[in-house]
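The values are calculated or read from the model by the stated rules, or taken from the named source; none is laboratory data. In this text the structure is predicted, and so the values were computed from the model without any measurement. Neighbour counts are summed over all protein chains in view; Cβ atoms, including those assigned to glycine, are modelled from backbone coordinates with ideal geometry. What goes into the accessible areas is simple: the full protein's heavy atoms, side chains included, and nothing from ligands, DNA or RNA. Shrake-Rupley method; radii C 1.70, N 1.55, O 1.52, S 1.80 Å.
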Amino acid sequence: MSWYSRLVVNHPIIFIVANISLACILGPVTVFTVGLPDFSEPLLGIEPRRSKVTIWEKTAANVFAGLQNGTLSYHPVSDDMLPESDTANQFKSRKLRLAANSTESLQNCAYKAPFEFSLSDTRIVVKSKTGANILTADHLHSICRLQDVISSYRWPSKSCYLVSLPLYVTALANKSSCYDISQDDIDDVIELLQECSPYYFNGTLSPYSQPTEPSLSVPQRCGHLNAVYAILHLLTDDGFMKDGDVNRTELEFSVIAVPFEWSNNDTDFLLEYYMDTFENPDIRDGDVVIPAVFMNIRHVLFVRYIREDMLLFVLAMALVVTVLFVYLQSFILMIAVIMNVGITLCWSYFVYYYVVQMQFFPFMNLIAALLLIAISADDVFVIYDIWQKETRLNPDSSYETNMSETLRKGGLSIFVTSLTTAASLVINVINKITAIRCFGIFAGICILLNFVIMITWIPALIVIIEKTSRYCIPKTSAKKCRKCDNKLAKISDYFWGVIMMKLITIGSPIWIVSLLIFGILGLVVVFATPGLKLPDSNHMKLFKPENLFQKYQEDYKDRIRFEKEFESSDTIRLAFLWGVEGVDNGNEWDPNDQGTLVYGPVDVLSEEVISWQNKFCHQLKKQPFVLEKHRNDQCFFETVESLLTGPCVLKPPNQAWKKEINLAPCCEMKTLPNRTINEQCMMYYLNLTRGNLGFITGTEVLGEVIFDKNNDVKIFSYTFMSTGMFTSNYVYMDNFYMEVDKFAEAELSDAPNILKDGWFASYSGVVFLFYNLQKEIGRGTMNGIGLSLTCSFIVLLVTSLNIIISLYAIFTITLVIGATVGTLVFLGWELNVTESLTIIMSLGLAVDFTIHYGVTYKLEKSNSRADRVVHTVTTVCSAVSMAALTTFLSGVSVLNARVLAYRQYGIFLVFIMFYSWIFSAFLFLPLCYIIGPLGHTGDLVYLFRCCCRMRSEREETTKPADRGFIWQSEVNGIVLPRIVYEPRNSNNADPPWFRRPELSRQMALTNYS
């Protein structure tokens, strides 16, 4: 390092200017060409790619999207084959009548909610603070006053008025204002609900003012104003008259709904409305409070919170630089750390996009900024402390000598910690979740570039500070400063070298045993019981628990019947598909690129395919995971065959058809037609019925053919309802999925070659995504921890070249992770994406302090373990402690973040720093004090040399003893007499010239002369 130290000392300005210039060029170039990161879709990337489940689900979603946008269809898109008997026109008119009925408006906008309310509309939850029944006059009056506050904000004219329980009670009681509601009015409404609720729960009562089917008898008063349906379906919790129990009339909470015709232009309005109205934590009227809110601005609000929470990053930086200034007493170094983080981010942003050529920047990458703040402060403390120690111990040495020693000790320590941390982060590329993989790449780049900047930027600044202080500070002041520094150094040495050393050494066995037990208990908590729990909600948590949006998602959404209607909590609809390959041809690093459909060969009308498909269809109907109602469904190809051989004129199967159905000429065939006629007739049937053969057969048909815009058959599928119910319970979903997968694998094994590529997924392509996310989070986290530990051990071994230090370090780090994650488990953490990311990242932060101690211990040449530990403590313990303090404060500064990921990361930083400092100081150092390596013990180079020497000596001593040898030499061109050695028995010793060949040559020369 002497040449590099000489370069830094003699030309520090070059390093400073180069770093700043590169940052000023690379940062703006990347921002202007790529742009700033876009976090408008924060959930992008929170999905596993490259896994079978996700690939099949995404392909099914693309098929579903094609059916929705018209690029695919269940029937030919041309009307050329429609018969003149306008049979298909009857089908079209039926759909139009239903559509007209479904959009028929009522006179009062307030009562359109039951059937026109959508998931994008605003819902405001109101409840009693004490948990009392709110179906009382006083509570409804309080809700009225809250409604006035809500409606006082100027809503767009296209918005309906508020829909709420007090408004329905007011209308049903024929009152002019909700403030006129009496308890008798409420009792009358309860009586109406008790009478009509059975019709709601058995599905008879529709969301319209009148029943949809005249044959069903529903009292007219139950449909009046849609009140019963609206109250039970939208405005009350599911505990109210639960399961049809009319005596359960206590209401825990109610919903105020705002049917709002959504458009992108209304985003700003709703955002400002929420910030002005609901950011007040004390929204109440009497005993009634608003505990939760939903608006269709969740992602927009999240982006705003990200921007606002960046101020907490500034606070973290302010705390760090304040500690830096107090400890280092250098304003320049304080500013340098701030600039160091900025320069690193500029370089990393450029490398991320242009060198690594990544296309996606998830919001979690911003966490790397906090990571950089912590690591930069840590590195500066270490380098500056070693520099100060070297200059104090060697005041007459040149700058080059002191800088060389500083970089030899501090640079090696920083290099090992940076490489280990970067390796533990980059190893996350094995994870299948895109956001975690991208974070691993970006954070790894940041750490490595931070090291490069740290060994160029900071040493150059230290040299400039030392040189300017020598010439700018008067000699008398310099002497006083040196005396003051020496006194402070003595105090520091006494504290760290005496007091801290006594704490470490006196109770070292107790420390080792206590921390060992604590760390092992933490590992048991993490990996055994209670263990890290997989997420039990399929909603990604974005905000802190106190947020009104988050409380709606966690506490209220699943308790509103309206929400349950749109949730995937009903029966899972499955689809088996052929003709489209289950592949992901999109960019696996870019969640915006979901790929396109890749069609494979499909021949639905060959005799072999029809025979196998009929067999598969019958086997499918027998499976326990298929809903009972499909047992009597007709198989698709058997239905086509029955239509070909059946009568030409069919009676109307239901009231929607006004005339008889004429299938001519595709009917009354005594033998099955050839392939061409068969295909034409099949397309005719599907065009006639808009893809559903059951409309003319009167029975359900299992199997569908999907066409593209050119009327070419692209996909054949079986779509059916299963017995499985969507749930966030991983074990249940895993058992169900594996049951279906086992059946599919067994059946497809003997399929014709053209059908072997069949696969299955949920019909919409979304049901199994959360299950697979749970699966990959659990698997990826455990694999990430294991591989990170392995990778870190290899890096430690290669860089430190001492196996004992490496084993002690990785042992300590493992216990730190166990203690940290075990504590987080007790705090109720679930293994979601954010938590998985922080746990995997724990190794990168846990490793720093232990490695600093380990490298310093190894570099000390003393033959006494106590002296080595004292040297280690006095050299880097203060720097490590300050680094722990600054990182701890960084974590504390973001604990109040509104974005949950930042808050979780802050909690993680607090505990990882606490445990890292405790375990490294009171477990790793006591281990080194009691059984630490001395001399060359454990050094890989020394062990390698010893092994080579022993092998060489063994070959020299065993080869002659086995076979003997003839030795002959030449001196000045004269050939010496041959010396013949023959092995003796074990009782006779070998001659000295055999054990030492140089003596044999000397003896031969003597004898010859």
Problem - Charged-residue dipole, Cβ positions (Lys, Arg, Asp, Glu), the stretch 659-755 about Cα centre, Debye nearest 20 - result: 460
Problem - Alpha-carbon centroids, the stretch 358-418 and the stretch 298-325: separation in whole Å - result: 24
Problem - Accessible-area value, ASP385, 1.4 Å probe, nucleic acids and ligands omitted, Å² - result: 20
Handout entry: Calculated over the stretch 260-379: convex hull of Cα atoms, volume per residue (Å³)
Key = 172
Practice task
Treat each spin label as a single point 7 Å out from the Cα along the C-beta direction, and report the GLN183 to LYS756 distance in nm.
Solution key: 7.7
Handout entry: Share of carbon and sulfur in the accessible heavy-atom surface of the stretch 492-567 [1.4 Å probe, %]
Key = 66
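How many Å² of accessible area per residue for the stretch 1-42, probe 1.4 Å? Intermediate values should be presented prior to the final figure.
Values: 2540 Å² over 42 residues.
With all protein chains present, the stretch 1-42 gives 60 Å² per residue.
Can you pull the percent of the stretch 318-411's accessible area that's carbon plus sulfur, 1.4 Å probe, other chains left in place?
Working: 2030 of 3220 Å².
Carbon-and-sulfur percentage of accessible area, whole number: 63.
Can you give me the Rg/Rh ratio for the stretch 823-924, using Cα atoms for both radii and the Kirkwood formula for Rh?
Numbers: Rg = 16.1 Å, Rh = 14.8 Å.
Across the stretch 823-924, the Cα-based Rg/Rh ratio is 1.08.
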Handout entry: Label-point gap, in nm, between LYS622 and ARG945 - each point 7 angstrom along Cα→Cβ
Key = 7.6
Exercise for the section: Name the long-range amide H neighbours of ASN802: under 5 Å, sequence gap of 5 or more, or other chain; modelled H, no Pro or chain starts. Expected result: LEU940
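I need the Kirkwood Rh of the stretch 784-883: take the reciprocal of the average 1/r across all distinct C-alpha pairs and report it in angstrom.
Kirkwood hydrodynamic radius for the stretch 784-883: 14.8 Å.
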Problem - Solvent-accessible area of THR838 with every protein chain in place, 1.4 Å probe, in Å² to the nearest 10 - result: 0
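Sort 450-457, 509-516 for me by packing, meaning the mean count of neighbouring Cβ atoms within 10 Å per residue, highest on top.
Highest-to-lowest ranking by the protection proxy: 450-457, 509-516.
Below 10 angstrom from the Cβ of THR856, what's the summed charge of the other residues (Lys, Arg +1; Asp, Glu -1)?
Numbers: positive: LYS409, LYS858, ARG868; negative: GLU860.
Net local charge, THR856 excluded: +2.
Of all accessible surface on the stretch 663-755 at a 1.4 Å probe, what whole percent is carbon and sulfur?
Numbers: 2100 of 4160 Å².
Whole-percent figure for carbon plus sulfur exposure: 50.
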Fill in the blank from the handout: Plugging the Cβ-Cβ distance of VAL452 and ASP867 into 1/(1 + (r/R0)^6) at R0 = 25 Å yields, to the nearest 0.05, a FRET efficiency of 0.15
Fill in the blank from the handout: Rounded to 0.05, the calculated FRET efficiency for the beta carbons of VAL326 and ARG392 at R₀ = 25 Å is 0.80
Completion exercise
For the stretch 424-469, dividing by residue count, accessible area per residue (probe 1.4 Å) in Å² works out to 20
